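Visitor: One structure follows; several queries about it will come next.
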Amino acid sequence: MAVYKRVLLKISGEALSGPLPFGLHPSTVRRICEDVAHAVRSGCQVCLVVGGGNIFRGVGRGSEGIERTTADQVGMLATVMNALVLGDVFTNIGIYASVFSGVFMPGVCEVFTRKRALRHLEDGAVVIFGGGLGSPFFTTDTTAALRSSEMACEALFKGTRVDGVYSSDPAIDKTAVRYDHLTYDQVLRDDLQVMDGTAISMARANKMPIIVFSLESPDSFSLVLKGGGCFSKIAS
Ligand code: UDP
């Protein structure tokens with residue numbers, strides 16, 4: 001049985017590329033969808049926000065001859081591509097999925113409206129939010145912070161490639177310490193690289209707990225949902 005009734009899971013684009021340097025790794029995508037499906041079957045309502053970094057990331061592109069706003073628009077389209085793929089994989093494994101976009105894309109998917117998304121969620125669908133907030137200069141982490149509150153989720157789960165928040169990058173610094181619990185203020189003050197500052201500030205303003213865990217192993221999301229496995233919790 002899941003401890004939570006309704007949560008939002010943020011999946012970075014990078015998580016979907018698995019061992020590949022970019023793009024989508026089909027068996028990794030399927031494994032992550034199976035994990036989410038498992039949580040849904042155990043009674044948890046799940047919203048997803050998906051990133052696009054496995055295809056295109058707008059941040060920093062302003063200096064490469066691409067105007068920053070254009071780069072961000074391309075980044076948002078990348079997140080819609082991932083969202084559409086996830087939607088089909090869920091359908092394929094027997095879970096109803098509804099894809100919403102923060103960008104108006106008639107003929108491709110529905111534009112996000114809270115009421116429609118809630119209705120689908122209450123009908124047992126996984127609702128997938130692509131297109132970020134539909135505005136440049138934002139990230140899908142900020143989208144996750146906003147949508148989790150809008151959708152009245154109990155927590156925001158951030159699936160990454162590391163099993164929590166560390167004092168410094170554990171891949172570089174062998175003395176890095178993993179935190180079990182930390183505050184929003186600590187993340188902002190120490191500039192811990194877990195989510196951008198806008199996302200953390202928004203979660204703090206709305207008292208939305210953030211659970212940071214690794215999406216690298218099978219069933220890690222369903223395990224952390226039950227309070228097991230390894231994770232860091234960010235709260236007040
Ligand atoms: N993006 C944006 N507005 C949003 C969300 C995303 O402009 O509300 C763009 C931005 O360029 C970003 C890219 O989409 O770099 C992909 O999103 P993100 O970097 O958050 O993906 P992730 O790192 O989670 O894969």
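Visitor: What is the one condition in (1) within 15 Å of the ligand (Cβ to nearest atom); (2) over 19 Å from the mean Cα position of the chain (by Cα) that D123 does not satisfy?
Guide: (1)
Visitor: Which of the residues that make up the stretch 30-83 are of a type in the set (D, E) and within 8 Å of the ligand (Cβ to nearest atom)? Show your work before the answer.
Guide: Step one: list which residues in the stretch 30-83 are of a type in the set (D, E), which gives 34-35, 64, 67, 72.
Across the stretch 30-83, the qualifying residue is only D72.
Visitor: Something else now. For F213, all conditions in the list (1) farther than 14 Å from A235 by Cβ; (2) assigned to a helix (DSSP H, G or I); (3) without any contact (Cβ under 8 Å) to a residue 60 or more places away in the chain hold save one; what is the number of the exception?
Guide: With respect to (1) farther than 14 Å from A235 by Cβ; (2) assigned to a helix (DSSP H, G or I); (3) without any contact (Cβ under 8 Å) to a residue 60 or more places away in the chain, F213 is out only on (2).
Visitor: I've got another one for you. Taking P218 and the conditions (1) more than 13 Å from the ligand (Cβ to nearest atom); (2) in contact with a Gly (Cβ under 8 Å, 6 or more places away or on another chain), which numbered condition does it fall short on, given that it satisfies the others?
Guide: With (1) more than 13 Å from the ligand (Cβ to nearest atom); (2) in contact with a Gly (Cβ under 8 Å, 6 or more places away or on another chain) applied to P218, the lone miss is (2).
Visitor: Taking interchain pairs and intrachain pairs at least six residues apart, which have beta carbon atoms under 7 angstrom, with the first residue in the stretch 191-204 and more than 19 Å from C153 (Cβ to Cβ) and the second among the aliphatic types (A, V, I, L, M)?
Guide: Going by the 7 Å Cβ cut-off, the qualifying pairs are L192/V165; G197/L188.
Visitor: Restricting attention to the stretch 106-141, and to residues there that are β-branched (V, I, T) and not in a helix (DSSP H, G or I), which single residue is surrounded by the most Cβ atoms within 10 Å (Cβ to Cβ)? Outline the logic, then answer.
Guide: Step one: list which residues in the stretch 106-141 are β-branched (V, I, T), which gives 108, 111, 113, 126-128, 139-140.
Cutting the leftovers down to not in a helix (DSSP H, G or I) gives us 108, 111, 113, 126-128, 139.
Values: V108: 17, V111: 15, T113: 10, V126: 25, V127: 26, I128: 30, T139: 24.
It comes out as I128.
Visitor: When only residues in the stretch 22-42 that are among the polar types (S, T, N, Q) and surrounded by fewer than 17 Cβ atoms within 10 Å (Cβ to Cβ) count, which is modelled with the highest pLDDT?
Guide: Pass one, the stretch 22-42, residues among the polar types (S, T, N, Q): 27-28, 42.
Going one step further and asking which of them are surrounded by fewer than 17 Cβ atoms within 10 Å (Cβ to Cβ), we end up with 27, 42.
Numbers: S27: 97, S42: 94.
That would be S27.
Visitor: Additional query: Note down all Cβ pairs under 7 Å where the first residue falls in the stretch 65-76 and is β-branched (V, I, T), the second is within 7 Å of the ligand (Cβ to nearest atom), and they're at least six residues apart or on different chains.
Guide: Between residues of the stretch 65-76 that are β-branched (V, I, T) and residues that are within 7 Å of the ligand (Cβ to nearest atom), the close pairs are T69/P136; V74/F56; V74/G58.
The values are calculated or read from the model by the stated rules, or taken from the named source; none is laboratory data. The structure presented is a predicted model; accordingly, all values stated were derived computationally and were not measured. Methodologically, a virtual Cβ is constructed for each residue, glycine included, from the backbone with ideal geometry; neighbour enumeration extends over all protein chains shown.
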